[in-house]
Amino acid sequence: MSAVTPDWRVERATATSRLAAVVAIVALIALAAAPAWAGRADMRLLSEIFTYLALACLWNLLAGFAGLVSVGQQAYVGFGGYMLFAFAILLGVNPLLTIPIAGILGALIAVPVAVLIFRLSGAYFAIGTWVMAEVFRLVFAQVSALGGGSGTSLPVAVVKDIAEGRDMREWIVYWAAFLLVVVVLGGTYWLLSTRRGLALAAIRDSEVASESLGVRIWRTKLMIYVVSAGATAMVGALIFLQKLRISPDAAFNVNDWTAYVIFITVIGGIGTIEGPIVGVIVFFLLRETLADLGSIYLMILGLVAIVVMLKAPRGLWGFVQDRFGIELFPVRRRIRYPLD
Amino acid sequence: MAAPIIRLSKVCKRYGAIVVADAIDIEVAGGEALGIIGPNGAGKTSLFNLVAGTVKADSGTIAYRNRDITSLNAAARCRLGVSRSFQIPHPFSGMTVFENVVVGAAFGGDMSEREAYAKAVEVLELTGLKAKANAMADSLTLLERKRLEMARALATGPELLLLDEIAGGLSEHECRELVAAITGLRKTGISIVWIEHVVHALLAIVDRLLVIDFGRIVAEGDPKTVMASREVSEIYLGIEADA
Ligand SMILES: Nc1ncnc2c1ncn2[C@@H]1O[C@H](COP(=O)(O)OP(=O)(O)OP(=O)(O)O)[C@@H](O)[C@H]1O
Ligand SMILES: [Mg+2]
């Protein structure tokens, strides 16, 4: 081996991804400045979109990348929400600070849960996650200090801890949601572009081959499960900071925190980083235009899901990717031999 | 004699009524090249599954460099230096050829991503896949997939390399190239166990030949002697026709 510079290099970015990065930065600046141009209702809607995007991104990481199809992520949404109320009401911690606390505790509690449910595979794993979420719900319904089965509200004094004025409070909650979704999206992208991400992609394509090439499957999946549980708990704390009221049924709701999230991810494109972004836009467009229709709205959601699954099984973004080979978040490693 | 690189003692494995390993005892010395032949369904690939840890043995022990690895999983065995190719290729179809090989180097070879890139470049050159480096693995032909199997296994930096039928379908010229490449590998001191129906390629490489049938070793020893033995002509008639 000589010390000369190698006659090859590895490239990640593409022309489209560089353009996408510029567009993303402009969009991020505009969204960060939303308090300057958006009304209160718009900002609430945006915050909600952010939390759904974060949840979808995390579910996608689990199911789309690590092959862990969970239908029990509401366990961590509810857990995070309850940590907000527990620490803020019972221990007097500033509500914003409870978000990272919820994240750490959510990740910790996920370890024993994983040890239990990782013994199951396929459909049994999915059922296991759902059972665990029910266990979480039953446990929190027992805690009378947090309102037991009927739940509780965040006292005004605690809410004022965020900020005195109402506008400022709304802005801070908005910015917290914005920051969280940026961290979740950015963190997911970063994770997938590292060595760990390579392991995940390998596991997804062939467990047998990746294991025989030295990839530690169990450990990699555990890491993803724990990280996504922690982050989901943070999103949970934030969701209930927006709502200011919690109950076991709302906190551990399988429809709100898992079914819609799966819809978003699957429609957008499971197993792609871009998918949840596309999915969340479609979901909220449908909801904002059709929600007044009541149950017809739900039927339309179902219809959209069926059509997409039949016509574009890899979701809308998967369809675009197959057609045009576009990658907005480049994880692919291309080797160039410039001297050839 | 130095400790063998791998030693199987009384290894048994059955699938229902099918016995694929019937109290198998095998030793491979460091630097040795061992050839394995046997009819279809004899248990050759199953033997690799047992050695590589893809499948757990029902009983018996497997030792790598005098260390008992019977309870280790495939990933741990690969990190220790046991690497295998699959008879039926299992490419990572969502990745490029280059990335496939990087996985082997990064995890099996326990390298940083940067180091793994360099290792992958080296292995792609060696296995003649350089021109396909950026192609998606699922666009490869069967022959190229088999090469990729070997490239990934090599990228892990094995001390014991298990090759499962990599010469089938090669042209005369390609086969000679393969033999040359494996001869080159042997000079680096690694041990090789090679299952192959293309017997003339096998005989150009191996020091010792083992014949397996119904999960049992039915003949073993100097390749030429074994090929000429009564056991081979009886149970293994017609293998040359495949070659
Ligand atoms: N997972 C399994 N479950 C059940 N039977 C199996 C399994 N794996 C292998 N077998 C059976 O065990 C026997 C040995 O298979 P193996 O793949 O080891 O044969 P082989 O010697 O490699 O044959 P070939 O030359 O065709 O590759 C076959 O009868 C096969 O059908
Ligand atoms: Mg076989």
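Quick notes on this structure:
- Assessment of segment B:214-230 against the conditions (within 17 Å of the chain's Cα centre (by Cα) and surrounded by fewer than 18 Cβ atoms within 10 Å (Cβ to Cβ)) yields no matching residue.
- The condition of being out of contact with any Pro (no Cβ under 9 Å at 6 or more places or on another chain), within 23 Å of B:VAL97 (Cα to Cα) and of a type in the set (D, E, K, R) holds for only one of B:GLU165, B:GLU172, that being B:GLU165.
- Within segment A:276-316, the set of residues being of a type in the set (Phe, Trp, Tyr) and under 20 Å from the mean Cα position of the chain (by Cα) comprises A:PHE283, A:PHE284.
- Of residues in segment A:322-336 being surrounded by 10 or more Cβ atoms within 10 Å (Cβ to Cβ) and at pLDDT 85 or above, the one nearest to A:SER193 (Cα to Cα): A:ARG333
- Sole residue being within 13 Å of ligand 1 (Cβ to nearest atom) and farther than 21 Å from A:GLU211 by Cα, chosen from B:VAL19, B:VAL51, B:VAL28: B:VAL19
- When segment B:151-194 is limited to residues that are of a type outside the set (D, E, K, R) and within 16 Å of ligand 1 (Cβ to nearest atom), the one that is nearest to the other protein chains (Cβ to nearest Cβ) turns out to be B:LEU162.
- When A:PHE252, A:PHE324 are screened for being away from every other protein chain (no Cβ under 14 Å), hydrophobic (A, V, I, L, M, F, W, C) and in contact with a Lys or Arg (Cβ under 8 Å, 6 or more places away or on another chain), only A:PHE252 passes.
- Per the listing A:LEU28, A:LEU58, the residue uniquely crowded, with 16+ Cβ neighbours inside 10 Å and either in a helix (DSSP H, G or I) or at pLDDT below 90 (or both) is A:LEU58.
- Spans of helices (runs of 4 or more DSSP H) in segment B:65-150 with at least 3 residues within 11 Å of chain A (Cβ to nearest Cβ) and either basic (Lys, Arg) or farther than 18 Å from B:LEU161 by Cβ (or both): B:97-107, B:113-126
- Taken as a whole, the condition of being free of Cβ contacts under 8 Å to residues at least 60 places away in the same chain, in a loop (DSSP other than H, G, I, E, B), surrounded by fewer than 18 Cβ atoms within 10 Å (Cβ to Cβ) and away from every other protein chain (no Cβ under 14 Å) applies to A:VAL93.
- Checking segment B:35-43 against the condition returns no match, with no residue being under 14 Å from the mean Cα position of the chain (by Cα), within 16 Å of ligand 2 (Cβ to nearest atom), within 14 Å of chain A (Cβ to nearest Cβ) and closer than 11 Å to B:VAL193 by Cα.
- Checking A:SER212, A:SER247, A:SER206 one by one, the residue that is touching a Ser or Thr at 6+ places or on another chain (Cβ under 9 Å), hydroxyl-bearing (Ser, Thr, Tyr) and away from chain B (no Cβ under 14 Å) is A:SER247 and no other.
- Candidate set from segment A:269-321 (those that are among the charged types (D, E, K, R) and without any contact (Cβ under 8 Å) to a residue 40 or more places away in the chain); member that is surrounded by the most Cβ atoms within 10 Å (Cβ to Cβ): A:ARG287
- Exactly one residue among A:VAL143, A:VAL111, A:VAL115, A:VAL159 is surrounded by fewer than 19 Cβ atoms within 10 Å (Cβ to Cβ), within 15 Å of A:ALA251 (Cβ to Cβ) and of a type in the set (A, V, I, L, M), and that residue is A:VAL143.
- One residue stands out among those in segment A:215-238 that are more than 16 Å from A:VAL113 (Cα to Cα) and surrounded by fewer than 24 Cβ atoms within 10 Å (Cβ to Cβ): the one that is farthest from the other protein chains (Cβ to nearest Cβ), which is A:ILE217.
- Test result for B:THR54, more than 7 Å from chain A (Cβ to nearest Cβ), in contact with a Phe, Trp or Tyr (Cβ under 9 Å, 6 or more places away or on another chain) and either within 16 Å of ligand 2 (Cβ to nearest atom) or basic (Lys, Arg) (or both): no
- B:GLY41 in a loop (DSSP other than H, G, I, E, B), modelled with pLDDT under 95 and more than 14 Å from ligand 1 (Cβ to nearest atom): no
- Cross-chain or 6+ apart pairs with Cβ under 9 Å, segment B:7-19 first and away from chain A (no Cβ under 14 Å), then near ligand 1 (Cβ under 9 Å from one of its atoms) and polar (S, T, N, Q): B:LYS13/B:SER46; B:LYS13/B:ASN49; B:TYR15/B:SER46
- Residue check, B:LEU80 within 16 Å of ligand 2 (Cβ to nearest atom) and either surrounded by 17 or more Cβ atoms within 10 Å (Cβ to Cβ) or within 15 Å of the chain's Cα centre (by Cα) (or both): no
- Residue match in segment B:161-172 (condition: within 30 Å of A:THR194 (Cβ to Cβ) and touching a Leu at 6+ places or on another chain (Cβ under 6 Å)): no
- Only one of A:PHE79, A:PHE85 that is in a helix (DSSP H, G or I), touching a strand residue (DSSP E or B) at 6+ places or on another chain (Cβ under 7 Å) and either among the polar types (S, T, N, Q) or touching a residue at least 60 places away in the same chain (Cβ under 8 Å) (or both): A:PHE85
The values are calculated or read from the model by the stated rules, or taken from the named source; none is laboratory data. These numbers were taken from a predicted model, which means no experiment stands behind them. Virtual Cβ from ideal backbone geometry, glycine too; neighbours counted across all protein chains shown.
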